Amino acid sequence: MWLDYLSLFHRPSPSMSALFCSAAALAGWTVCEPFFAEGGSPEPIGAGNSFMGPFITGVIVAAFILIYRRSGLTYVDMALSIIAGFGIAFVIGFTLMIPSHILFDWCKNSWSLSYFFPSNSDFFAVQAGRGLSWSVFSLGAAVSLFVCADRSTVLCAASGCVLAGAIAGILFDPIQLCCSSFGFTAPWLSRLVCFAVLGGMSGLFFGIVQKIFTRGALLIVSGTLAGWRLVIDDSPCLIGASPKCDLVVHGQDLDDIVGIVEKCGFGYRFFCQAHMRECTINNKQTHSALLQPGDLLHIGGLSMVFSEISRQEPGNDSRANLPLRLFERPRTADNVNRRP
């Protein structure tokens with residue numbers, strides 16, 4: 001049971017990433033909010049509470065790193081990664097607070113303190129300034145992800161963080177004004193919602209990017225092809241006795257198509273087209289199952305281990321735009337140029 005629960009964190013879903021990062025952003029906001037005058041009034045950030053930006057940025061980045069590098073790390077390595085990510089995020093976030101603060105003041109000066117939105121072009125100036133300032137602030141979380149050493153992840157997550165910051169910045173004032181119009185004076189509510197949106201959308205985009213940039217793979221651990229890996233693309237992978245299948249399984253009384261592995265949402269699902277005794281997952285007979293990294297598949301006399309690999313991993317290129325149904329070995333010095 002515990003192993004099934006922990007497997008959710010191996011490659012977390014986008015919704016889990018959003019929930020994790022939203023909680024992290026709210027945790028940082030909860031710690032820093034008492035340092036703001038009048039419980040979160042939109043006053044210029046002073047020297048006494050200027051650490052709020054980098055602190056929350058660091059908390060979100062720590063959540064990103066924990067999600068990204070959850071598997072294959074000891075608790076000591078995980079703690080060191082989070083500390084390193086937090087330190088880098090603090091420096092970058094504090095630096096980005098300067099242009100963010102300038103944009104914040106610029107849009108604030110065009111808005112009267114009567115808590116009524118300006119009209120005409122001033123309205124768009126205020127909203128643009130708010131969105132830009134929050135975008136610059138949230139960019140620190142994505143830039144700090146270079147500790148993950150994955151350029152595509154950093155660039156895509158940066159786009160998501162900027163979008164999340166823009167939406168959070170645009171929501172900042174309307175929420176507060178809407179509450180005031182109903183007589184509900186809670187200046188902290190707008191910040192609570194905005195930081196939840198900031199963390200949640202950043203985590204959601206981060207999770208989606210992770211799933212988009214990963215592929216399923218079946219590592220063959222028995223038979224003549226033991227050690228070779230079948231990379232699964234977006235089209236269904238057919239496993240059976242027919243020569244037309246992507247992976248041919250030899251055995252007595254096997255159907256032409258025994259099993260199918262196909263992409264299902266952000267994951268991969270296995271369907272058994274034959275008798276249950278011919279297909280097992282983790283030694284359990286099943287007709288259909290959503291595959292998790294580390295699952296052991298037995299089909300006939302063939303054993304395979306399912307995993308998720310990065311699309312940018314060496315050896316996963318398309319080879320002149322051919323279909324990405326490739327057999328490959330993990331790249332070592334003696335088999336880099338070998339293909340079956």
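The values are calculated or read from the model by the stated rules, or taken from the named source; none is laboratory data. All of these numbers come straight from a predicted model, not from anything done at the bench. In this analysis, Cβ positions are derived from the backbone assuming ideal geometry, glycine residues included, and neighbour counts consider all displayed protein chains.
Put simply, of Arg325, Arg269 the only residue that is under 19 Å from Leu219 (Cβ atoms) and either surrounded by fewer than 13 Cβ atoms within 10 Å (Cβ to Cβ) or at pLDDT below 75 (or both) is Arg325. Do any helices (runs of 4 or more DSSP H) lying entirely in segment 1-89 carry at least 3 residues that are modelled with pLDDT under 55, and which ones are they? Filter on segment 1-89 gives 2-7.
Scan Leu192, Leu177 and give me the residue that is at pLDDT below 80, surrounded by fewer than 18 Cβ atoms within 10 Å (Cβ to Cβ) and among the aliphatic types (A, V, I, L, M). Spell out the reasoning first.
Values: Leu192 fails: at pLDDT below 80.
Answer to the selection: Leu177.
Please go through segment 206-233 and give me each residue that is over 24 Å from Ala18 (Cβ atoms) and part of a loop (DSSP other than H, G, I, E, B), ordered by number. Walk me through how you get there before you give the answer.
Taking segment 206-233 as the starting set, the residues that turn out to be over 24 Å from Ala18 (Cβ atoms) are 217-233.
Across segment 206-233, the qualifying residues are Val221, Ser222, Gly223, Thr224, Leu225, Ala226, Gly227, Trp228, Asp233.
Taken over segment 137-174, the criterion of being surrounded by fewer than 17 Cβ atoms within 10 Å (Cβ to Cβ) and farther than 24 Å from Lys211 by Cα is satisfied by Pro174 alone.
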